[in-house]
1. Within segment 213-251, track down each residue that is under 21 Å from ARG139 (Cβ atoms) and polar (S, T, N, Q).
2. Might you check whether a residue that is at pLDDT below 95 and in contact with a helix residue (DSSP H, G or I) (Cβ under 8 Å, 6 or more places away or on another chain) occurs anywhere in segment 129-137?
3. Show the residue pairs meeting these rules: Cβ distance below 7 Å; 6+ apart or different chains; first residue within segment 110-132 and on the phi < 0 side of the Ramachandran plot; second residue surrounded by fewer than 19 Cβ atoms within 10 Å (Cβ to Cβ) and part of a helix (DSSP H, G or I).
4. Could you please tell me which pairs satisfy a Cβ distance under 6 Å, a separation of 6+ or placement on different chains, a first residue in segment 49-65 that is farther than 15 Å from ALA32 by Cα, and a second residue that is at pLDDT 95 or above and of a type in the set (D, E, K, R)?
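The values are calculated or read from the model by the stated rules, or taken from the named source; none is laboratory data. As the structure is a computational prediction, the values presented were derived from the model and not from experiment. When we count neighbours, we look across all protein chains shown, and the Cβ atoms used for this are built from the backbone with ideal geometry, even at glycine.
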Amino acid sequence: MSFNLNGTVAFVTGASSGIGHATARTLAGLGAAVALVARRKDRLDALVAEIEQAGGTALAIPADITDRASAEAAVAQAAAQLGRIDILVNNAGVMNIGRVADNTVESWEQMIALNQQALLYVTKAALPHLQAAAESNTRGVADIVNISSYAGRVASPNFAVYNMTKFGVNGFTEALRQELAASHVRVGALEPGAVETELNDRHEGAVRDEISAFFARIEPLQADDIADGVAYMVTRPRRAAVGELWIMPTNQG
C-alpha cells in the first residue's frame, strides 16, 4: 500500500500557524502540492519557502474565508494554479471561551463565522473539484477532513458556544459523509484534545490562568500529532474511510 500523495493537491485552511501549519508541511512531505490559506500573508510566504526548500510545492493564498466571496475565490485560485483539489482540510478555527453570562455576542459571532460558516463556504466551493478528483485515475478517491475538537464530543462549563460550533461540525461531517459515500469522496472529523497552539494564547485574566494551570497538569498534544492524524486519514486505501478520529493527550482525563 502506498502512503504517498504524489500528484495530488491539498487545500489547508488556517495554515499560518499551529495544526494547519503542521498539516501543510506533513502533506507536502508526502508529495502533495499544498494550497495554504489564512489571513497572515507573511507567515504563508515563510511556509511556502520552507516547503519549497524541502523539495515540495506550495501556494500561498491570503484570504479571510469568513467572507463567502473570498472563500470561493481562494478555492478557485487553488484549482486554477495547482490544477485540481484532492484533499480539503478545514482547520481554521477560533476558541473564545468563558461563561455565557460574561462573554460577548461578538465573540460568539466570530466563532460561528469561522468555525462553521467558513467551513461551509469552503466545502461547498471545493466539492465539485473533490468529486472530479475522486473520478480521476490518480487515486480514485478524495478527502475532506474537518478539524473538530474533543469539545465536539463533551460539553463543559465555559465552552458553551465553542461546544455548539464543534458539535455542529461533527453533525455536518457525518451527514456529508453519508451524502458523498457513493462518489468516493471521504469525509471525516478529527477531534483533538488539548493541543499546545496559539489558539490558547487568545485569552486573558482568569480564563488564561485556568488554561495555563490545566496545561501544567498534563502533557499536551503538539500540532504535529494532529498532522499525523490527518495524514493517516487521507492515506487509507480507497476502500477505507475514517469517519471520526479522536486524539487525546495520554494523561488528559
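1. Applying the first criterion (under 21 Å from ARG139 (Cβ atoms)) to segment 213-251 yields 227-243, 245.
Selection gives THR235 alone.
2. no
3. Going by the 7 Å Cβ cut-off, the qualifying pairs are GLN116/GLY168; TYR121/ARG68; TYR121/GLU72; ALA125/GLU72; GLN131/SER183.
4. Filtered contacts from segment 49-65: PRO62/LYS41; ASP64/ARG39.
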